[in-house]
Amino acid sequence: MGSAIHGNAGARSGGKHYHRAWSLLEALQPLQGKLCEDIRDDLQRLSAQFAYFRSIGLTYDKSIYCSSLFAHNALEISDVIMMPLPEKLPPAWSLSADQIKDADISPTLIFIRTPDDGWGAFGLVDAQYLVTLMNAVNKLRGFQLNIRVGDGDLIHPSATTVPHQPEWLSGVEYHITSERFPIVVSITAPAAEMGKAWQFAFLTLLPLTLVLSALFILAALYWQKRKLSFQDELRRGITDNEFSVYYQPVYGTEAQRCTGAEALLRWRRADGQWIRPDVFIAAAEAENMIIPLTRHLLKLVEEDVTSWHIEPNFHLGLNVSAEHLQDSEFIADIRQFAANVAAHRSLITLELTERSLISEGPEVAQRLQ
């Protein structure tokens, strides 16, 4: 086992969640070489889609030139991870770091791609969930568990749980090296616990594929508790009335006047920050929030229309998603909306977005009819 994972083969061998880490770096490839100010929105969008990453960004040679965390550009990678780099960088590598420069995340798992053309990408994952897991294991089994990724720093629990032993009963240390991942697990246990420690190592730590998958699942659960997910932020935005509707006029050339409008949902947070529609709509679809968001849009339009003075057959366009169309309550939602605005005798037009496919089947056909 070396300090690096080379190419896609190493990424694939890491299992579903390890592969997801490398998938993010592949998703950053189209942004490589572009000006940082031109791609900040794209970094924000990708951060929403890959929520368990604390920071993502782009590199050139051995420097970071654009990131979602560091305020300054042109930072040396070695200065950020606070350890020297090899003379020749491997095409893809990962390591553990005890701390990161000017960041409040410690320890950290680092994933970096550095192809031969010089342009690369990186992602940082807070490894605090590893410490939480190791502390739980240590308290349960009475020994200390440490993990090292690549040639990085040792990730260890916040406090040693191994009780003090006499010199003649010194602790026994075991090392387990993965053949598939750049990971070394070390266990320190009292001699009296040797049998239990070996049993634990073989039954719990092997195979490391299962352990690594469990760790990344715990990472997702940990971040759901540590910070608001986009799903929570969307719910809060709906509850706090942070969404509003902007109406794009439809001009009739024959009538020579405005004959309709398309309702466009916009999001401005309480702190004044605007969230782009392509960002929050993509997040809503990924977080199963697109249907509640569409129902909120219908409610806002109903409230606005009550104060309008418009002619009959005024065109009112609304965007709906494939997910909503395929929901069992879709017909009821649209009929209720139509009933609430019926007094204005508007011509309601539903426009299906192209973001996802509509599944075939008699139920969908019946709803469309």
- Which residues, taken from region 341-363, are acidic (D, E) and either surrounded by 15 or more Cβ atoms within 10 Å (Cβ to Cβ) or modelled with pLDDT of 85 or more (or both)? E351
- Query: Does region 236-250 contain any residue that is surrounded by 16 or more Cβ atoms within 10 Å (Cβ to Cβ), closer than 19 Å to S346 by Cα and either assigned by TED's automatic domain parsing to the domain that holds I334 or polar (S, T, N, Q) (or both)?
  - Reply: yes
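Can you tell me which residue among Q99, Q144, Q165 is at pLDDT 70 or above and either over 25 Å from W22 (Cα atoms) or outside the structural domain of G33 (by TED's automatic domain parsing) (or both)? So that I can check it myself, show each step before the final result.
Details: Q99 fails: either over 25 Å from W22 (Cα atoms) or outside the structural domain of G33 (by TED's automatic domain parsing) (or both); Q165 fails: at pLDDT 70 or above.
Of Q99, Q144, Q165, the one residue that is at pLDDT 70 or above and either over 25 Å from W22 (Cα atoms) or outside the structural domain of G33 (by TED's automatic domain parsing) (or both) is Q144.
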- Note on the structure: Residue hits (region 26-44; surrounded by 18 or more Cβ atoms within 10 Å (Cβ to Cβ) and in a helix (DSSP H, G or I)) are L31, I39, L43
- Query: Restricting attention to region 320-352, which residues are under 20 Å from E363 (Cα atoms) and polar (S, T, N, Q)?
  - Reply: S321, Q326, S328, Q336
- Note on the structure: When Q366 is run through (1) farther than 26 Å from D278 by Cβ; (2) at pLDDT below 90; (3) not in a helix (DSSP H, G or I), the failure sits at (3)
- Only residues that are buried (at least 17 other Cβ atoms within 10 Å of the Cβ) and over 22 Å from the mean Cα position of the chain (by Cα): list them for region 263-294, please. A263, L265, T294
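Residue by residue, here is whether (1) modelled with pLDDT of 60 or more; (2) among the hydrophobic types (A, V, I, L, M, F, W, C); (3) not assigned by TED's automatic domain parsing to the domain that holds S178 holds:
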{"site": "G2", "(1), (2), (3)": "no, no, yes"}
{"site": "Y18", "(1), (2), (3)": "yes, no, yes"}
{"site": "L24", "(1), (2), (3)": "yes, yes, yes"}
{"site": "L28", "(1), (2), (3)": "yes, yes, yes"}
{"site": "L35", "(1), (2), (3)": "yes, yes, yes"}
{"site": "I39", "(1), (2), (3)": "yes, yes, yes"}
{"site": "S47", "(1), (2), (3)": "yes, no, yes"}
- Task: From A284, A338, grab the single residue that is at pLDDT below 90 and in a helix (DSSP H, G or I).
- Result: A284
- Item | Residues of region 305-335 classified as loosely packed, with under 15 Cβ neighbours inside 10 Å and more than 26 Å from D232 (Cβ to Cβ), total | 10
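The values are calculated or read from the model by the stated rules, or taken from the named source; none is laboratory data. Computed from a predicted structure; not experimentally measured. Ideal geometry is used to build each Cβ from the backbone, glycine not excepted, and the neighbour counts take in all protein chains shown.
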